[in-house]
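Single-structure report; data block below.
The values are calculated or read from the model by the stated rules, or taken from the named source; none is laboratory data. Keep in mind that what you see is a predicted model, and the values were worked out from it rather than measured. No Cβ is skipped: glycine too gets one built from the backbone with ideal geometry, and neighbour counts run over all protein chains shown.
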Amino acid sequence: MDGKRALLFANGMLEAVGAIRAYLRTDDYLVAVDGGLGHLDRLGRQPDILIGDLDSVDPARVLALEKVGVKIKKYPVDKDETDLELALQFVAQQGFKTIRVVGALGGRVDQMLGNLYLLSLESLTGCDVRLEDGMTEVALVKGEIVIDGQPGDIISLLPLGVPVAGVTTTDLKYPLYAETLSPDHSRGISNVMLKSQCRIKIEEGKLLCIHMRSLSVSSL
């Protein structure tokens, strides 16, 4: 599945619908994660698969999707994983290396934090996984990452749980040179991109990179 993206639509907030519409590609593998089906309906796109316990989807809608050949993967309501975790594991098992999750930011704080932590799933090792809502993208740095954007975009770096060592940045207003960021300090907040691309590299730990665009992804 190299080169092909899996786009997962979660049942969270999605305000920049136009930006996401422009972000979509014709060959994207589209995954509706339970109630995230509503976002795809608003975009006028049909999912390749619907995954979840389906407690947020009209049963008649599920039957309609089945009739047109959409694959349905249903799980029990009482389970240990969220629908999004199951969907991420599924696309990773299918061999997708580029994964984007839409509709996973905003809304309930517990759900959003849980979605952020899912970026560190062991089953996603070797995958480029990012949460995307058209204005903000979130990625987990596990070595090195390149962020595409525009000068003036905001970059915030947040250690996930423990201090992150050897943080080095390129083409940010406030550069870091093999430094350590700690979760109980706010030094990594609100850096600024100087060019259309920046690079973040770490030596040890897990670092959340939050990229807030000055322009929506549809304008890029």
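Taking the condition in contact (Cβ under 8 Å) with a residue 24 or more places away in the chain and over 25 Å from residue 135 (Cβ atoms), does residue 77 pass? Before the answer, list the steps.
Numbers: in contact (Cβ under 8 Å) with a residue 24 or more places away in the chain: yes; over 25 Å from residue 135 (Cβ atoms): yes.
Considered against the rule, which asks whether it is in contact (Cβ under 8 Å) with a residue 24 or more places away in the chain and over 25 Å from residue 135 (Cβ atoms), residue 77 comes out as yes.
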Tell me the residue from 50, 7 that is more than 23 Å from residue 135 (Cα to Cα), of a type in the set (A, V, I, L, M, F, W, C) and surrounded by 13 or more Cβ atoms within 10 Å (Cβ to Cβ), please.
50
Within the range 191-208, is even one residue assigned to a loop (DSSP other than H, G, I, E, B) and at pLDDT below 95?
yes
So is residue 126 in a loop (DSSP other than H, G, I, E, B) and under 20 Å from residue 5 (Cα atoms) or not?
yes
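Mind checking which residues of the range 149-187 are of a type in the set (D, E, K, R) and either exposed (fewer than 14 other Cβ atoms within 10 Å of the Cβ) or more than 19 Å from the chain's Cα centre (by Cα) (or both)? Lay out the reasoning, then the answer.
Kept after step one, since they are of a type in the set (D, E, K, R), are these residues of the range 149-187: 153, 171, 173, 179, 184, 187.
Selection gives 171, 173, 179, 184, 187.
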Quick one: which of 92, 60, 104, 87 is out of contact with any helix residue (DSSP H, G or I) (no Cβ under 7 Å at 6 or more places or on another chain), outside the structural domain of residue 215 (by TED's automatic domain parsing) and either surrounded by 14 or more Cβ atoms within 10 Å (Cβ to Cβ) or within 16 Å of residue 24 (Cβ to Cβ) (or both)?
87
Based on what the data block shows, is residue 77 touching a Lys or Arg at 6+ places or on another chain (Cβ under 6 Å) and either surrounded by fewer than 21 Cβ atoms within 10 Å (Cβ to Cβ) or outside the structural domain of residue 6 (by TED's automatic domain parsing) (or both)?
no
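Does residue 82 satisfy the condition of being among the polar types (S, T, N, Q), over 18 Å from residue 30 (Cα atoms) and out of contact with any helix residue (DSSP H, G or I) (no Cβ under 8 Å at 6 or more places or on another chain)? Outline the logic, then answer.
Details: among the polar types (S, T, N, Q): yes; over 18 Å from residue 30 (Cα atoms): yes; out of contact with any helix residue (DSSP H, G or I) (no Cβ under 8 Å at 6 or more places or on another chain): no.
When the stated conditions are applied, residue 82 does not pass them.
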